[in-house]
Amino acid sequence: MTSDSIKNNNINKNNSKNTTKWFSNITLLRESQIMKIHYITGVGALFVVAIHIMMRLIMPFNMSLEFENVILNYKNVFYALLLESILILIAIHGFNGLRVILLEIRQTQIWERAVNILVIVAMIGIIAYGTRTIIIANGFSLG
Amino acid sequence: MTSAKSAKRINDINNKNDRTNREGLRGWLNPIIYGWERVSYWFQRLTGIFLLVYFIGHVYETSSLVSGPDAWAAMLEMTQTIGGHIFLILVIGASTLHTVNGIRLIFTQSGQGLGKPGRPDYPYDPTSVNNKQRSGLWIAFILAAVAMLYGANVLFSGE
Amino acid sequence: MNIFRKDKRKKIKNEIPLEIKRSNISTTSSSNKSSVKLRVFRINAVKNPNDVPHFDEFHVPVKRWTTVLDALLDAKSYQDSSIGIRYSCRMASCGSCGMKINGIPRLACYTKISDLDTNTITCEPLPNFPYIRDLVTDFSQFFNHHRSVMPFIQNKKADIPNVNELTEYEQSPQDLDKFLQFSYCIKCGLCYSACPTVATDLKFPGPQALSQAYRYFADSRDSDKSNRLKVIDTSHGIWRCHFAGSCSNVCPKGVDPALGIQLLRSHLLGISNSEKKIAKLQDRSPNSYREEEEEEEEAD
């Protein structure tokens, strides 16, 4: 093959150079940086989830699910921070994993952009929704 | 084929989404014929998707707290059933498997436990697919089974 | 390569006995030939892009050492000369005869019928490669991915136009061992077929290209590491490998592409020491020896 045909047939060539859309050339993070975050959030989530599960076992399981006991947990600032960190770490790890799976299924530009945007939106959405629960429960007054 | 025809065909293959003879999602579904590492890949994906779905559901169900004790009780009535317990046991197993296998993958995908490059000789056994790193997967399965048994004991005894 | 069955090919000490009990292949007499059913995938994608694939069956005689390629050529010679097969060296050296045999990508010349332990041999073209005809597939995408990782030595410090003809890079056996096994790749495409990511991801380079990227990265004569690493550090690059290990399990030459890929990832993650010793350029011309001797004499 000639050098021209090599260039034309290079599948890894960035095809987005000719588009005019503003979001087409944005690369926030290199893939290696994203995967480092994926590994770190995975390991971090392990520790915080382990503590979260142990909290269910410090008293009889059914008792730990009673409304008053759950609210008391949320009122503890450290536990609330723990829940917030679980939310953030698992949301990032889980949705990044989903992004990886979805990117492998199809490779059109529209699909890739849609997956990247939807995953970030879903991440932010679930973190916001969970944080709302934590903040409201933390401010709950019993009785 | 003439060179013009072959160039056109190559162009079609490279530029079009030519998925002729690509296995597609079926290629993900054969965990047994290629070895334990393929089984690990399959389970890691399966448990990951399962846990993500559970996570979204869990965040939603715990949000019933903000609506007061009645809403919380209604949610518990829905989830603290036999079916709910079985589902939770599966979640416990999936999370243990995903975690332990994930730690194994962090090590192996960083080149640890795979052996060193050398001079291959007949029968050309690859060093990376060795029992040392595979044992991490077997330990993950065992720990997941133990965790599921413990979880079943806690959930069904109510203690 | 079912994980629940032992692969006979891997055991050197348990050679296949004269009497193969579980198959109908008799080896006690050369005149006592047996036969197996060969199911061959047929399609003519070039002449008719809408051609519907089907299987043709052939009964071919086999002996103890008959390979799948021998059986296919027998069928082609005596039963249907239109069967499309690609082959060349017949000794697992060229990588031409890769195909899916009983569900697993293998080299037809390297797979004995007796090893398969079945009376029905199903031969299909390699998965993940576009069809051309019958068992022949198009390797253009595969070679394009290979080219994309720049599979050649790049050393900007070597002033090639002005270098003396008798100049060489100094490389020790230990330096060679770091990449030698990856240079044994015969580009047969079996790893590309077995990979679950290649099954769905058109942009993924595949285990062969990525292991070749590591082969050149690890070579001490290569000093240009940054361009090659930038090419593979993308959302469809090396990070879409999940260590399913299928590539290493099917490789007929012991290249172990999975090892190369994980070692390269360790460099990208910053876990391995990425500072490698670059091989020195040594002048081996007769003049340089004389100059060295003169310098030694002066030093004395």
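The values are calculated or read from the model by the stated rules, or taken from the named source; none is laboratory data. Keep in mind that this is a model prediction, so the values were computed, not measured. All Cβ positions, even for glycine, are placed from backbone atoms using ideal geometry, and neighbour counts span all protein chains on display.
For segment C:201-238, give me the residue count where each residue is farther than 24 Å from C:E168 by Cα, crowded, with 24+ Cβ neighbours inside 10 Å and hydroxyl-bearing (S, T, Y).
So the count comes out to 1.
Mind listing whichever residues of segment C:202-260 are within 12 Å of the chain's Cα centre (by Cα), more than 14 Å from chain B (Cβ to nearest Cβ) and not in a helix (DSSP H, G or I)?
Answer for segment C:202-260, where residues must be within 12 Å of the chain's Cα centre (by Cα), more than 14 Å from chain B (Cβ to nearest Cβ) and not in a helix (DSSP H, G or I): there is none.
Could you grab me the full set of residues in segment C:185-201 that are outside any loop (DSSP other than H, G, I, E, B) and either without any contact (Cβ under 8 Å) to a residue 40 or more places away in the chain or not hydroxyl-bearing (S, T, Y) (or both)?
Step one: of segment C:185-201, the residues outside any loop (DSSP other than H, G, I, E, B) are C:190-194.
Hits for segment C:185-201 are C:L190, C:C191, C:A194.
With the requirement that a residue be surrounded by fewer than 24 Cβ atoms within 10 Å (Cβ to Cβ) and over 24 Å from A:N116 (Cα atoms), what does segment C:239-254 give you?
C:P252, C:K253, C:G254, listed by residue number.
State whether one or more residues within segment A:82-105 are under 19 Å from B:H58 (Cα atoms), more than 10 Å from chain B (Cβ to nearest Cβ) and in contact with a His (Cβ under 7 Å, 6 or more places away or on another chain).
Of all residues in segment A:82-105, those under 19 Å from B:H58 (Cα atoms) come to A:82-98.
Retained after the next criterion (residues that are more than 10 Å from chain B (Cβ to nearest Cβ)): A:82, A:84-85, A:88-89, A:92, A:96.
Still in the list and also in contact with a His (Cβ under 7 Å, 6 or more places away or on another chain): A:82, A:96.
Among the residues of segment A:82-105, at least one is under 19 Å from B:H58 (Cα atoms), more than 10 Å from chain B (Cβ to nearest Cβ) and in contact with a His (Cβ under 7 Å, 6 or more places away or on another chain), which makes the answer yes.
In segment C:261-281, which residues are at pLDDT 90 or above and more than 7 Å from every other protein chain (Cβ to nearest Cβ)? Can you show your working first?
At the first step, the residues of segment C:261-281 found to be at pLDDT 90 or above are C:261-266.
Passing the criteria: C:I261, C:L264.
If we scan segment A:64-78, do we find a residue that is more than 28 Å from B:L97 (Cα to Cα) and β-branched (V, I, T)?
Yes; the residues of segment A:64-78 include at least one that is more than 28 Å from B:L97 (Cα to Cα) and β-branched (V, I, T).
Scanning for something within 17 Å of the chain's Cα centre (by Cα) and either at pLDDT below 95 or of a type in the set (A, V, I, L, M, F, W, C) (or both), does segment A:49-62 turn up at least one residue? Working first, answer last.
Restricting attention to segment A:49-62, the residues satisfying the condition of being within 17 Å of the chain's Cα centre (by Cα) are A:49.
Add one more test, that the residue is either at pLDDT below 95 or of a type in the set (A, V, I, L, M, F, W, C) (or both), and what stays is A:49.
Checked against the condition, which is being within 17 Å of the chain's Cα centre (by Cα) and either at pLDDT below 95 or of a type in the set (A, V, I, L, M, F, W, C) (or both), segment A:49-62 yields at least one hit.
With a cut-off of at least 3 residues that are away from every other protein chain (no Cβ under 12 Å), name the helices (runs of 4 or more DSSP H) lying wholly within segment C:101-179.
Working: elements: C:113-116, C:140-148, C:173-177.
Ranges flagged: C:113-116.
Checking C:L116 against (1) of a type outside the set (S, T, Y); (2) within 20 Å of the chain's Cα centre (by Cα); (3) surrounded by fewer than 22 Cβ atoms within 10 Å (Cβ to Cβ); (4) closer than 20 Å to C:C251 by Cα, which test does it fail?
(2)
Is it the case, given these coordinates, that C:C195 is of a type outside the set (V, I, T), surrounded by fewer than 24 Cβ atoms within 10 Å (Cβ to Cβ) and within 23 Å of B:G35 (Cβ to Cβ)?
Details: of a type outside the set (V, I, T): yes; surrounded by fewer than 24 Cβ atoms within 10 Å (Cβ to Cβ): no; within 23 Å of B:G35 (Cβ to Cβ): yes.
Against the criterion (of a type outside the set (V, I, T), surrounded by fewer than 24 Cβ atoms within 10 Å (Cβ to Cβ) and within 23 Å of B:G35 (Cβ to Cβ)), C:C195 does not qualify.
Please tell me if C:N155 is modelled with pLDDT under 95 and either surrounded by 15 or more Cβ atoms within 10 Å (Cβ to Cβ) or on the phi > 0 side of the Ramachandran plot (or both). Steps first, answer last, please.
Values: modelled with pLDDT under 95: yes; either surrounded by 15 or more Cβ atoms within 10 Å (Cβ to Cβ) or on the phi > 0 side of the Ramachandran plot (or both): yes.
So C:N155 fits the description; yes.
Just the residues that are out of contact with any Asp or Glu (no Cβ under 7 Å at 6 or more places or on another chain) and within 19 Å of C:P105 (Cβ to Cβ), please, taken from segment C:231-253. Walk me through how you get there before you give the answer.
Of all residues in segment C:231-253, those out of contact with any Asp or Glu (no Cβ under 7 Å at 6 or more places or on another chain) come to C:231-232, C:238, C:241-242, C:246-247, C:249-253.
Once the filter is applied, which keeps residues that are out of contact with any Asp or Glu (no Cβ under 7 Å at 6 or more places or on another chain) and within 19 Å of C:P105 (Cβ to Cβ), segment C:231-253 yields C:C241, C:H242, C:S246, C:C247, C:N249, C:V250, C:C251, C:P252, C:K253.
Looking only at segment C:20-52, which residues are within 21 Å of C:L126 (Cβ to Cβ) and either at pLDDT 90 or above or surrounded by 15 or more Cβ atoms within 10 Å (Cβ to Cβ) (or both)? Give the steps one after another, and end with the answer.
Filtering segment C:20-52 down to residues within 21 Å of C:L126 (Cβ to Cβ) leaves C:38-49, C:51-52.
Selection gives C:L38, C:R39, C:V40, C:F41, C:R42, C:I43, C:N44, C:A45, C:V46.
Kindly indicate which of B:A144, B:A74 is assigned to a helix (DSSP H, G or I), more than 9 Å from every other protein chain (Cβ to nearest Cβ) and either among the polar types (S, T, N, Q) or surrounded by 18 or more Cβ atoms within 10 Å (Cβ to Cβ) (or both).
Values: B:A74 fails: either among the polar types (S, T, N, Q) or surrounded by 18 or more Cβ atoms within 10 Å (Cβ to Cβ) (or both).
Sole residue among the options that is assigned to a helix (DSSP H, G or I), more than 9 Å from every other protein chain (Cβ to nearest Cβ) and either among the polar types (S, T, N, Q) or surrounded by 18 or more Cβ atoms within 10 Å (Cβ to Cβ) (or both): B:A144.
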